[in-house]
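Before I ask anything, let me first share the structure, which is written out below as structure tokens.
The values are calculated or read from the model by the stated rules, or taken from the named source; none is laboratory data. Keep in mind that what you see is a predicted model, and the values were worked out from it rather than measured. A quick note on method: Cβ atoms are made from the backbone with ideal geometry, for glycine too, and the neighbour counts reach across all protein chains shown.
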Amino acid sequence: MRYKSKRYTWYYIFLIIKLFTLLTISSFSNDLISGYYFSEKSTQEIQNDDFTNPGFIWVELGKKIWNQGNNKNKNLSCYSCHGNISEMKGVSLSFPKVRGDKSKLINLEQQINICKAENMKGESFKPEDKNLLALATAITYQSRGLKQNIEINKKNKPWFEMGKKLYFKKIGQMGLACNQCHDERVGMNLRAEKVSQGHINGFPTYMLRWSKVASVHKRIQFCNEQARALPFKIFSDEYNALQLYLTWRGKGLQIETPAVRK
Ligand code: HEC
Ligand code: HEC
């Protein structure tokens, strides 16, 4: 009899643990949770205060370039055509988008480059150029507090499908897909970091490890490298498709740009 009751005790303990993990996993998969909540407290504190958040150096630089221009033609700035940068409120939410009647998907940084090269007849910025990221950060910051609300329509549907496929595709030496970390391992520790749901509502994000702001594409490259998979290029169709899928996947999350991450 004693033997039996002991066995039951273990059975109950097992059940409780099982129930608990099921509950936590399901609560994670049902709700959208910003990466902020998976960050260490010390990192959250830097983000909480706009004065300590180094991302604001990028916001300020971006505003400066917006108004003064960054061009050979000193008389022409972003302001000349678009007015005050506050006019950009909500604009970042519609990116990545299919440009005009062209079938190419572009993100905000590429739109800025198009304005630079075509509308300002200047030179476009290199990927991850500080000035480019500063403009993208300052523009996205205008939407801070708004919710991600991208629509999937006839135009961007093929890109959405491509992004979704890439998100679930097992790649690299370890054969890992995005979802295996950002859906299945949410909350677990990986190299002293808690795996989040992999949302992009804080991007461009200030990365403490690099002491600079990084784009969504740069972050995905880093995930690819860490999972020993060959990264695509920044501004590639593949990363834009993934970015579109991630934007849709986080629909309803508030923009936190500039967020702070490890
Ligand atoms: C081996 C596990 C792993 C895989 C596979 C992986 N990531 Fe990540 N990812 C991480 C870790 C760890 C972090 C840093 C902690 C965090 O924010 O989740 C991260 C961070 C991110 C972030 C930033 C989240 C934030 O709030 O700042 C995004 C976006 C992201 N990953 C997207 C992707 C995409 C897209 C893929 C597939 C191409 C991918 N990841 C594949 C582990 C992974
Ligand atoms: C000569 C006028 C002109 C200048 C200068 C200019 N733009 Fe534009 N911008 C446009 C036009 C026209 C569009 C419409 C779409 C297009 O041409 O790609 C646009 C679109 C945009 C959009 C997308 C708006 C939306 O609602 O989707 C952003 C963001 C943007 N520009 C940023 C910038 C930035 C940053 C600069 C300065 C580096 C700049 N623009 C300079 C004319 C200009």
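Could you list, ordered by first residue, the pairs with Cβ atoms under 8 Å in which the first is in the range 164-193 and near ligand 1 (Cβ under 8 Å from one of its atoms) and the second is part of a strand (DSSP E or B), at least 6 apart or interchain?
A177/I171; C181/L190
Show the residue pairs meeting these rules: Cβ distance below 6 Å; 6+ apart or different chains; first residue within the range 98-114 and touching a residue at least 40 places away in the same chain (Cβ under 8 Å); second residue away from ligand 1 (no atom under 16 Å from the Cβ) and assigned to a helix (DSSP H, G or I).
E109/L132
Still on this structure, I have one more. Can you list residue pairs whose Cβ atoms sit under 8 Å apart, with the first residue in the range 133-158 being touching a residue at least 12 places away in the same chain (Cβ under 8 Å) and the second being outside any helix (DSSP H, G or I) and among the acidic types (D, E)? Count only pairs 6 or more apart in sequence or on different chains.
R144/E256
What's the total number of residues in the range 55-110 that are near ligand 2 (Cβ under 8 Å from one of its atoms), assigned to a loop (DSSP other than H, G, I, E, B) and more than 18 Å from I150 (Cα to Cα)?
5
Quick one: G90 ticks every box in (1) over 17 Å from the mean Cα position of the chain (by Cα); (2) at pLDDT 95 or above; (3) at positive phi except a single one, so which number is it?
Tallying (1) over 17 Å from the mean Cα position of the chain (by Cα); (2) at pLDDT 95 or above; (3) at positive phi, G90 fails exactly one: (1).
Restricting attention to helices (runs of 4 or more DSSP H) lying wholly within the range 154-243, give those where 2 or more residues are among the polar types (S, T, N, Q) and away from ligand 2 (no atom under 16 Å from the Cβ). Walk me through it before giving the result.
Numbers: elements: 157-167, 178-182, 216-226.
Ranges flagged: 178-182, 216-226.
Oh, and also: Given (1) of a type outside the set (F, W, Y); (2) under 27 Å from Q243 (Cα atoms); (3) near ligand 2 (Cβ under 10 Å from one of its atoms), identify the lone condition not met by I46.
(3)
Here are some residues: G175, G163, G198. Which one is surrounded by fewer than 16 Cβ atoms within 10 Å (Cβ to Cβ) and modelled with pLDDT of 95 or more? Explain how you work it out, then say what you get.
Details: G163 fails: surrounded by fewer than 16 Cβ atoms within 10 Å (Cβ to Cβ); G198 fails: surrounded by fewer than 16 Cβ atoms within 10 Å (Cβ to Cβ).
Exactly one of G175, G163, G198 is surrounded by fewer than 16 Cβ atoms within 10 Å (Cβ to Cβ) and modelled with pLDDT of 95 or more, namely G175.
From the list F56, F51, F95, pick out the single residue that is modelled with pLDDT of 95 or more and more than 28 Å from Q243 (Cα to Cα). Quick ask: steps written out before the conclusion?
Values: F56 fails: more than 28 Å from Q243 (Cα to Cα); F95 fails: more than 28 Å from Q243 (Cα to Cα).
Going through F56, F51, F95 in turn, the sole match is F51.
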